[in-house]
There are 2 protein chains.
Amino acid sequence: MAQWNRSGYFRSSGSRDVNPDLEAERQTASFSVERLTAILDGGADNTRTRRAVEAVIHSDPGFSRENQYFQSQNERYEAAVRKSVYLKERMHQMGWTEDGPEIKYCFRALGGDLAFNVHRVFMNSILALGTDEQIAKWIPLADKYHIIGTYAQTELGHGTFLRGLETTAIFDISTQEFTLNTPKISAMKWWPGDLGRSATHAVVFAQLYIKGKCYGLHAFILQIRSLRDHSPAPGVIVGDIGPKMNFEHIDNGYLMLQNINIPRENMLSRFSQVLPDGTYVKRGSDKINYLTMIVTRVQILWTEVIPMLLKACTIAIRYSVVRRQSKLNPGDPEAKILDYQTQQQKLLPLLATAYAFHFMNAYVNEFYNKGYTEIKQENFDSLPELHALTSGLKAIITDYCTAGAEVCLRACGGHGYSALSGLPSLYTKLAASCTYEGENTVLFLQTARFLVKCLAAVHSGQPIPPLAAYLSSVDSGKCQAWTKMDFLKPDIYAEAYRHRATRLLGNAATKLQGLVQSGAEQHEAWNQCTVQLVQAAKAHCHYIVVKNFIATVEKLRNEAEIQKIAKHLCDLFALHGIFSNTGDFLHAGYISRDQMDMVTASYLNLLAVIRNDAVPLVDAFDFTDESLNSALGSYDGHVYQRLYEWAQKSPTNQQVSQAYASYLKPLFQSALSKL
Amino acid sequence: MAQWNRSGYFRSSGSRDVNPDLEAERQTASFSVERLTAILDGGADNTRTRRAVEAVIHSDPGFSRENQYFQSQNERYEAAVRKSVYLKERMHQMGWTEDGPEIKYCFRALGGDLAFNVHRVFMNSILALGTDEQIAKWIPLADKYHIIGTYAQTELGHGTFLRGLETTAIFDISTQEFTLNTPKISAMKWWPGDLGRSATHAVVFAQLYIKGKCYGLHAFILQIRSLRDHSPAPGVIVGDIGPKMNFEHIDNGYLMLQNINIPRENMLSRFSQVLPDGTYVKRGSDKINYLTMIVTRVQILWTEVIPMLLKACTIAIRYSVVRRQSKLNPGDPEAKILDYQTQQQKLLPLLATAYAFHFMNAYVNEFYNKGYTEIKQENFDSLPELHALTSGLKAIITDYCTAGAEVCLRACGGHGYSALSGLPSLYTKLAASCTYEGENTVLFLQTARFLVKCLAAVHSGQPIPPLAAYLSSVDSGKCQAWTKMDFLKPDIYAEAYRHRATRLLGNAATKLQGLVQSGAEQHEAWNQCTVQLVQAAKAHCHYIVVKNFIATVEKLRNEAEIQKIAKHLCDLFALHGIFSNTGDFLHAGYISRDQMDMVTASYLNLLAVIRNDAVPLVDAFDFTDESLNSALGSYDGHVYQRLYEWAQKSPTNQQVSQAYASYLKPLFQSALSKL
């Protein structure tokens, strides 16, 4: 390990001084960062709790992430299991409970690199689908990690289309058992987390057969590995699916079942049961389970997905005021790269997007709570709307966050590409979010299907769910902006987004109707419209996010300074969306070409405005250096020193290269006599 | 390792039968795949040579890529060095020379996973910048790998802006030596390949100082590691920069120099020399070196970048006809996912793009050969044009290929995210290409600068380089399309692209001029226009690619079937570009809204047309399974079997989990008594 301290320019990253270029950015903040942090946390009390948790986690060497970027898949897995078991212990010691406020801050501090996430889904599925007896039997064991479970739904050949799952569970009256089988290779369970190397148990989804009749998908609980020596149970073939683009710490697995017999009690039976004589009994509605699944999907957005965009912005923006490259003015020193308009164009709309998505949380919670109350009263009316909202939001948020992390990575040039920047792991994790918990194109089309129904309701005068109520409002003709300043009025741009969403949906629906009327089959007509239906669903979601940002800014009326900067961010988010999708807005003629030039001018002006507060705006996210785990993004801005220090720790610098001794040394000997 | 053969559905991937869904796609090809392959290879002779080379490489276990996805960074590096040394041996045995046709096919067969790429740049820099004596001394050693060199230009704090490099080389008349130093941490050489663990020598770029005066950047050759034991030379601090998003097989390194003295003869002196008395002599023009660098940049496109998009398309399209999911028609079996319009919209424009970029090669070569001839005659007139062409093409091609690989990855759902699909490594390698050999935004702006100059020449009646001649042609008013069929006429869409490129450049230039006229400094005005200048440069490059595709199709007039499908691909590429950038085309009013609806209709129709030949069109790329190295993309389409077989080989299934023994076993014991 090289140690060089000549001329004193090589500072330890432990020192407290801050890079002067970064420090200068903080001196000119137009608002109180601490106050904005409290707002983002949902109150200063939360900020205090969060920081207290972070202090506990970060001061504990058992939770160190120091060597994470150097670890193999196997080491990552081992560390995740160790930390998860240890966290359980520490939480118990600290008096932090599973439903307390601290747990989410633990995840945040640990950057999500824990095992047993799907074990939680295993537990939630038992809580939702199990009888009271089943819950009483399994949950206490699972809660203490005395068993580890997985949720085995997806198969090698089946993901999105659940009805197509091929695993079978055949009830045998004579033995009172179900026999589970994997009838073909495509029916092998594939991808479930915690399955590959950890799980002792699994909730397995299989087609239920009784007396030769198929009753569709049901959930069964079964043991897959010995509690004594962890060997696979007889008839069980189980293993790890191998390397992935990321999530090395998770043991995604495969599972094949050969004539596995389990007792009748092991079908999760809150909503449907098989009686001893083979009678199938359906009981109540399992729609509340549907709600639970929707909420799980949405929680991932705010606990994992959106924070990753916030982190990527923090890293890229801090780096962009430390990095200097080329000259703006021939006589000046090299310029901070954030002073280049093209760099602002890459990063600042993302910063605005990060805020836009963060602020959606309150809206979605409100929606969920309303739905939950109604559904408890057996009123399922709001379920389609909630499903449409969360499907579309999941898709648009994961799409934007993934694309955003990539932009941040590339905006940091070569150093962004180093694993030590933290950006490759953020990007590669986010990329998965576009597929897991619902593939995004499929989700957009589900939102589109809801919207098409709403539009039909508008035309036939039926009531419309609130979320789509805007479809029935009167068309306002043309955009009312006369100057570029008019495009800083939320009413103006909100109306433009509304118009775009309405028009794209209307066009797709008209095409759909036309195809059907000219004799196409319904499903074929639908397929021929899907490219345009996806566009319509995206425009709808975009509009929802813009509207919510506007509403959030309005609520900040008692925080003048913060309201001002939040308004700028909201304007930037909205105008960037128009600037990046000019065709959508121009096509209908709602925005004229002259108006589009005003949008461009206003948008580019906003970049320069936000640029001045860019660092304080990412500081307000208040990520610890340990949580960012980035050589480029740390609070003190000592980018080059940290890159160099961290690189020296790489195993490639610790190991003697076998390649040298085996292949190169003999060759180099030949040069000795000549040089 | 699980071995299960029950009911015979588990086939070895070595078998010759092809998945019937994939086979069916090949039966209906509208053209001869073999003929198209020959055209893509530049003649059937080349195809034969390529296949012969591939046969040699793939039959040799020394070149196996079988376990590549399971290897650590260190193992990847060791394997790359081993293969590189071995390839040199084998080429010698086979009688293949460094300038023969076989070498590029070796790289193709090996998927680029070789070491010593920068060693080649080291050699090229000596060949270009060295005197005949220097070449005679170093090249024979380097050619035999008796020394390994690196090209140390980029520094920790300096990439794009070469003038900002900080390494110093001070000439001392008394000793007749240069003393090289790394004066600050930001001056450390950082990123050079082959430096971290392999190189014995380096060409180092440093600011030359003689008697206190700086003469700018010059190249120096120095030894950095012992030829005897590979230890760093005194005063040299050298190591590996650690993990990256990909390129684990390359030892990108860092290098610090402390008072390294080298003899006067070690400055590369073809174009400039320091005489013993300290006199600095400039000799001839080094512009030919500039040409060499341009060509290196461009070669990467056709040997590495574009082939990766071709591979990604091959994988994703083959998988999309094997994978079935959901139902198009309620009564049917599940549909091939390539039959969904949204999947076609993701993949088929990429396929057209792959062809469009592949066909650019001939154009660029022609341009280069013309330039090379002129420059040899000391005529440098075409250099700015060549620079503008290659800068813009490098940027647009790497941007599109990177985005395309990501689309392919996501279009394969969860399985695309598995490393075994081959797609994560294609994507993460491509992502680097957007930064190395010139950061794309910087390159687009260089093209834009050229175009702005051309436009000024148009306005002042001066001659214009051929590439930009279109800027002076008369504006044709409005698009002349009357029906959607008109948009299948190359003249119609080429003209639309021309109009768009002209307008975007004109607008940016007008804004620039306006800012300067209203008193802004030139550089500040430029900065304020860069977002729009980048748009203009992209539109220019897009137009060049469309024009070249049209010309290529025309040349296929003796190949009726192939011309027909190539024409469809060309139409698709062009119309997809309009469909994806509607705003650019609508804004000027050149294409009306009604015409844009025709574009959409024609574009969507084309998807269905290309879909029928999608598999033959990727088969024509003729990648071997070994070169694709993808569980999803192999020729036989046995996707699920291969995923399962390969997963079993993962080290995560070979190692006993330490985590179980250490952390989980004690917990599971507690459950034993209860279950």
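Structure notes:
- Of everything listed in (1) part of a helix (DSSP H, G or I); (2) within 30 Å of residue A:284 (Cα to Cα); (3) within 28 Å of the chain's Cα centre (by Cα); (4) in contact (Cβ under 8 Å) with a residue 24 or more places away in the chain, the single unmet condition for residue A:139 is (4).
- Once segment B:552-566 is narrowed to residues that are free of Cβ contacts under 8 Å to residues at least 24 places away in the same chain and assigned to a helix (DSSP H, G or I), the residue that is farthest from the other protein chains (Cβ to nearest Cβ) is B:555.
- Selection status of residue B:303, at pLDDT below 95, surrounded by fewer than 18 Cβ atoms within 10 Å (Cβ to Cβ) and away from chain A (no Cβ under 14 Å): yes
- Among the criteria (1) under 30 Å from residue B:62 (Cβ atoms); (2) open to solvent by 10 Å² or more (accessible area, probe 1.4 Å), the one residue B:580 does not fulfil is (1).
- Residue-level analysis places residue B:298 among those that are more than 14 Å from chain A (Cβ to nearest Cβ), at negative phi, in a helix (DSSP H, G or I) and surrounded by 23 or more Cβ atoms within 10 Å (Cβ to Cβ).
- Annotation: residue A:455 fulfils all but one of (1) without any contact (Cβ under 8 Å) to a residue 60 or more places away in the chain; (2) out of contact with any Gly (no Cβ under 8 Å at 6 or more places or on another chain); the unmet one is (2).
- Within segment B:168-204, tally of residues that are closer than 28 Å to residue B:276 by Cα, surrounded by fewer than 24 Cβ atoms within 10 Å (Cβ to Cβ) and among the hydrophobic types (A, V, I, L, M, F, W, C): 4
- For segment A:57-98, a tally of residues being out of contact with any Ser or Thr (no Cβ under 8 Å at 6 or more places or on another chain) and either open to solvent by 30 Å² or more (accessible area, probe 1.4 Å) or not in a helix (DSSP H, G or I) (or both) returns 20.
- Residue in segment A:539-551 that is more than 25 Å from residue A:347 (Cα to Cα) and within 14 Å of chain B (Cβ to nearest Cβ) present: no
- From the list B:510, B:552, the lone residue that is within 30 Å of the chain's Cα centre (by Cα) and among the β-branched types (Val, Ile, Thr) is B:552.
- Selected residue [open to solvent by 20 Å² or more (accessible area, probe 1.4 Å) and modelled with pLDDT of 95 or more] from B:280, B:290: B:280
- In segment A:257-282, residue farthest from the other protein chains (Cβ to nearest Cβ) [restricted to those that are aliphatic (A, V, I, L, M) and within 16 Å of residue A:207 (Cβ to Cβ)]: A:274
- Residues in segment A:477-535 that are part of a helix (DSSP H, G or I), away from chain B (no Cβ under 14 Å) and polar (S, T, N, Q) were compared, and the one that is least open to solvent (accessible area, probe 1.4 Å) is A:502.
- Matching residues in segment B:99-119 - criterion: being part of a helix (DSSP H, G or I) and more than 17 Å from the chain's Cα centre (by Cα): B:102, B:103, B:106, B:119
- For residue A:69, the requirement of being in contact with a Leu (Cβ under 7 Å, 6 or more places away or on another chain), in contact (Cβ under 8 Å) with a residue 12 or more places away in the chain, closer than 20 Å to residue A:422 by Cα and among the hydroxyl-bearing types (Ser, Thr, Tyr) is met.
- Residue match in segment B:624-638 (condition: more than 30 Å from residue A:195 (Cβ to Cβ), within 13 Å of chain A (Cβ to nearest Cβ) and β-branched (Val, Ile, Thr)): no
- Scanning segment B:410-427 for residues that are among the polar types (S, T, N, Q) and either out of contact with any strand residue (DSSP E or B) (no Cβ under 6 Å at 6 or more places or on another chain) or in a helix (DSSP H, G or I) (or both) yields a total of 2.
- A search for C-beta distances below 8 Å between a residue of segment A:320-345 that is more than 8 Å from chain B (Cβ to nearest Cβ) and in contact (Cβ under 8 Å) with a residue 60 or more places away in the chain and any residue that is surrounded by fewer than 20 Cβ atoms within 10 Å (Cβ to Cβ) and acidic (Asp, Glu), counting only pairs 6+ apart in sequence or on different chains, returns A:321/A:21; A:322/A:21; A:336/A:21.
- Answer from A:586, A:606, A:572 - the residue that is assigned by the TED database to the domain that holds residue A:544, farther than 30 Å from residue B:231 by Cα, assigned to a helix (DSSP H, G or I) and under 26 Å from the mean Cα position of the chain (by Cα): A:572
- Candidates in segment B:652-675 are the residues that are open to solvent by 40 Å² or more (accessible area, probe 1.4 Å) and either assigned by the TED database to the domain that holds residue B:110 or in contact with a strand residue (DSSP E or B) (Cβ under 9 Å, 6 or more places away or on another chain) (or both); of these, the one that is nearest to residue A:186 (Cα to Cα) is B:653.
- Positions within segment A:641-675 being within 7 Å of another protein chain (Cβ to nearest Cβ), part of a loop (DSSP other than H, G, I, E, B) and without any contact (Cβ under 8 Å) to a residue 24 or more places away in the chain, in sequence order: A:655, A:657, A:674, A:675
- Look at (1) within 16 Å of residue B:121 (Cα to Cα); (2) at pLDDT below 95 and you find that residue B:154 fails only one, number (2).
- Subset tally (residues that are in a strand (DSSP E or B) and either open to solvent by 20 Å² or more (accessible area, probe 1.4 Å) or within 30 Å of residue A:70 (Cα to Cα) (or both)) for segment A:219-254: 9
- Residue in segment A:611-618 that is of a type in the set (Asp, Glu) and more than 9 Å from chain B (Cβ to nearest Cβ) present: yes
The values are calculated or read from the model by the stated rules, or taken from the named source; none is laboratory data. These numbers were taken from a predicted model, which means no experiment stands behind them. Ideal geometry is used to build each Cβ from the backbone, glycine not excepted, and the neighbour counts take in all protein chains shown. Note: areas computed on protein heavy atoms with side chains; ligands, DNA, RNA excluded. Shrake-Rupley method; radii C 1.70, N 1.55, O 1.52, S 1.80 Å.
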